[in-house]
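To start, the structure itself, in structure tokens.
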Amino acid sequence: MNAFQIPRNSLAWMLAAQFLVVMPHVPRLPPWIIAIALACAAWRIGVYLGRWRFPPGWVKVIFVISGMVGVPLGHGTVLGLEPAVSLLIVAFFFKLVEMQQRRDAFLVVFLAYFVVSTAFLFEQSILMALFVLFAMVMVTGSLVGLNQSPRHTRPVHTARRALTLLSQAAPLMLVLFVLFPRISPLWTVPM
């Protein structure tokens with residue numbers, strides 16, 4: 001396997017994580033963004049299965065223009081929290097389609113961490129926190145899959161490693177929660 005190639009195990013984790021990360025935003029997204037996201041995911045799965053090629057440059061340009069024009073049309077404005085998150089999600093799925101090398105996959109994983117955190121801008125319930133925690137396990141699983149050797153690609157091994165990493169980060173999270181100064185949260189910004 002090429003050192004720059006994305007492992008198939010990680011790509012499967014990444015596709016699952018991407019849908020989980022976007023699920024909390026679906027009620028606020030215009031239908032065309034959902035359609036574009038599904039089209040990008042279908043194209044990427046076709047590439048994954050070896051049935052399709054990566055999109056040519058002109059298709060990528062059409063995707064970007066449709067995103068830049070469609071977000072303001074779908075929300076009625078460019079300003080605000082919902083259009084900004086929608087634009088982030090559109091870019092997130094566009095990056096999935098053009099992702100060819102491992103460094104692109106790392107960028108998609110880091111974007112996934114950012115997108116999953118935006119769910120708390122709209123809802124801060126216990127159920128949302130549990131869902132986000134599950135999505136974080138999936139995103140971390142895709143990150144683990146990017147760094148695994150071909151011998152350790154079983155999904156159970158990947159999930160166990162992702163859970164271990166997140167549980168090791170929990171004590172630091174608790175220390176930061178106790179010691180970090182209390183400032184007004186970002187989600188108190190007027191919508």
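When a 1.4 Å probe is rolled over the protein heavy atoms, the share of accessible surface on region 1-141 that falls to carbon and sulfur comes to 73 percent.
The distance linking region 109-132 with region 18-49 is 17 Å (Cα centroid to Cα centroid, whole angstrom).
Our helix-only sum for the chain, with -39,500 (n - 2.57) per DSSP H run of n ≥ 4 divided by its residues, gives a mean residue ellipticity at 222 nm of -24000 deg cm²/dmol. Scaled to the compact-protein estimate 2.2 N^0.38 Å, what is the alpha-carbon radius of gyration of region 100-166, rounded to two decimal places? Here the answer is 1.21, to two decimals. Against the empirical curve 2.2 N^0.38 Å, the C-alpha radius of gyration of region 1-96 lands at a ratio of 1.15.
Taken per residue, the accessible surface of region 1-122 reaches 50 Å², heavy atoms only and a 1.4 Å probe.
Calculate the translational D of the chain in whole µm² s⁻¹ from Stokes-Einstein, where the hydrodynamic radius comes from the Kirkwood formula applied to all Cα pairs, the temperature is 10 °C and the viscosity 1.306 mPa s. Translational D for this selection: 89 µm²/s.
Computed over all pairs of different Cα atoms, the Kirkwood value for the hydrodynamic radius of region 19-63 is 11.8 Å.
The values are calculated or read from the model by the stated rules, or taken from the named source; none is laboratory data. This is a predicted model, so every value here is computed, not measured. What goes into the accessible areas is simple: the full protein's heavy atoms, side chains included, and nothing from ligands, DNA or RNA. Shrake-Rupley method; radii C 1.70, N 1.55, O 1.52, S 1.80 Å.
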